[in-house]
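Asks: A single structure is presented below for examination.
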Amino acid sequence: MLGKKVWARLLGVEKAVIEGVVYDEEANAVVASVRPARGQRLRCGICQRRCGRYDAGEGRRRWRTLDLGELKAYLEADAPRVSCPQHGVVVAHVPWARHGAGHTRSFDDQVAWLAVHTSRTAVTEVMRIAWRTVGAICARVAAERRAAVQPFAALRRIGIDEISYKRGHRYITIVVDHDTGRLIWARPGHDEPTLVAFFELLGQERCRRIAFVSCDQAEWIDRTLRRYCPRAIRCADPFHVVRWATDALDEVRRQTWNAARRSGLVRDAKQLKRARYALWKAAENLTARQRGHLAQIQRTNRTLYRAYLLKEQLREVFRHRGTAALRLLEAWLSWARRCRIPSFIELAKRIARHREQIEATLVHGLSNALVESVNTRIRLLTRLAFGFRNPEALIGLAMLKLGGYCPPLPGHPSPTHG
Ligand SMILES: [Zn+2]
């Protein structure tokens, strides 16, 4: 029989006493009876203040912890309720698990780490839990880690964006820090009260220090900014501007495709369909095959190819700063105005309308690479989030992945921040 110290280490239990360990045949699992160490008993599950015992709650309960070899493992303990002056009657705190969780801290942390670093299948198979459970765990871990740090200390340049999920039916509002490229805040909703919550959390003093805000042109964002950061310079979000161009390009592609089908050019139509992704994608990320599709278009469809070049050139504008960037924008506008492609002539007008804010972006050097990558990664996450029960799970996963809140693997040293 292993000593109790070894069991405690094996099960990742701290500040607790192991009373005994058995093999539960029915559950085919190892079950360890535990109790909180003396100083850890009868504390509020929420604030951990010492409280009076209220009752025995629902008696003994189990928390799933990390597997021992091939076997699932559980901790089992009493779960009495206490009466907290602030939180009322709540289940008492246990040192091995977060409040309200059915899994231990080390189990939660490992799930969070795997969710950030591996695939959906890997997490659910390795940990033997459902994807929606992964979501609940991500929400829990992220909320705790966010509460423990102050992520708003040195905010100077921020980006505000709305992300749709659930097939475009629901939205979350996000805020990113342009200087670190991190996601710093997210909340369900896309309206004034949602964004007001962020600025209220930030407080007057830190609102004043925000110098640049990138965002789209929504009226509710405008109103909120006028109220909280009236002096901040408004910049167009390069990601949105480039997306306008991608939309314009797609319109050209669809028209060309329809024309080809109508005139019975089956091969041309097929070719255009195949080239869809090559046209959308950033030129530097194209595969050899996709480059081939593009070359074909260059030979067979000049207008579409010109539209593609216009899109890529607009992306190029945002890779530069200052006067160089302003000159490129000017050149792009005059090219687009004369290009004889209706959707791009429209785009040129739209860009001219927002020119002031686009120029602010170029002058103040918001890195599009950073903004684009955070935006793209969040949009990828929304696809992953199908099967999560609520937006908090999506936000939790996003915060772990893009906010720098991922915990280290249990028993591994925390990565040093630098
Ligand atoms: Zn309390």
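Computed from the coordinates by the stated procedures, all read-outs in this text should not be read as laboratory data. Since the model is a prediction, treat every value here as computed from it, not as a measurement. Here the Cβ positions follow ideal geometry from the backbone for every residue, glycine too, while neighbour counts run over all protein chains shown.
Asks: Between the stretch 6-26 and the stretch 40-111, how far is it from one alpha carbon centroid to the other, in angstrom?
Replies: 15 Å
Asks: Using Cα-Cα distances under 8 Å and only pairs 6 or more residues apart, what relative contact order does the chain have, in percent?
Replies: It comes to 16 percent, rounded to a whole number.
Asks: May I ask for the equivalent-ellipsoid semi-axes of the stretch 303-415, computed as the square root of five times each C-alpha gyration tensor eigenvalue and listed largest first in whole Å?
Replies: Three semi-axes, in Å: 38, 18, 12.
Asks: A further question follows. P(r) tail for the chain, what percent of Cα pairs lie past 32 Å?
Replies: Summing the P(r) of the chain above 32 Å gives 51 percent of all pairs.
Asks: Calculate the length of the line joining the C-alpha centroid of the stretch 140-190 to that of the stretch 192-265, in whole Å.
Replies: Spelled out, the Cα-based centre of one part sits 15 Å from the other.
Asks: In degrees, nearest 10, range 0 to 90: what is the angle between the Cα axis of helix 131-148 and the longest Cα principal axis of the chain?
Replies: Computed tilt is about 90 degrees.
Asks: Here is a follow-up. May I ask for the angle, rounded to the nearest 10°, between helix 355-364 and the longest principal axis of the chain, with both axes built from Cα atoms and the value confined to 0 to 90°?
Replies: Its long axis makes an angle of about 60 degrees.
Asks: Could you line up L155, L71 from fewest to most neighbouring Cβ atoms inside 10 Å?
Replies: Placing the least packed residue first, the sequence is L71, L155.
Asks: Next question, about the same structure. Could you tell me which trypsin sites (Lys or Arg not before Pro) in the stretch 175-282 are loop residues by DSSP with no more than 10 other beta carbons within 10 angstrom of their beta carbon?
Replies: Taking the stretch 175-282 and a limit of 10 other Cβ atoms within 10 Å, the loop trypsin sites (Lys or Arg not before Pro) found are R231.
Asks: For the stretch 1-102, state the average projected area of the convex hull of the C-alpha atoms over all orientations, rounded to one decimal in nm².
Replies: The orientation-averaged projected area of the Cα hull of the stretch 1-102 comes to 6.4 nm².
Asks: Right, here's the next one. First obtain the Kirkwood hydrodynamic radius of the stretch 241-364 from its Cα pairs, then insert it into the Stokes-Einstein equation at 20 °C and 1.002 mPa s, and state the resulting D in µm² per second as a whole number.
Replies: 142 µm²/s
Asks: Fewest Cβ neighbours within 10 Å first, please rank D108, D216 accordingly.
Replies: Ascending number of Cβ neighbours within 10 Å: D216, D108.
Asks: Taking DSSP loops as anything outside H, G, I, E and B, show the longest stretch in the chain free of GluC sites (Glu not before Pro) there with at most 14 other beta carbons within 10 Å.
Replies: 71-418
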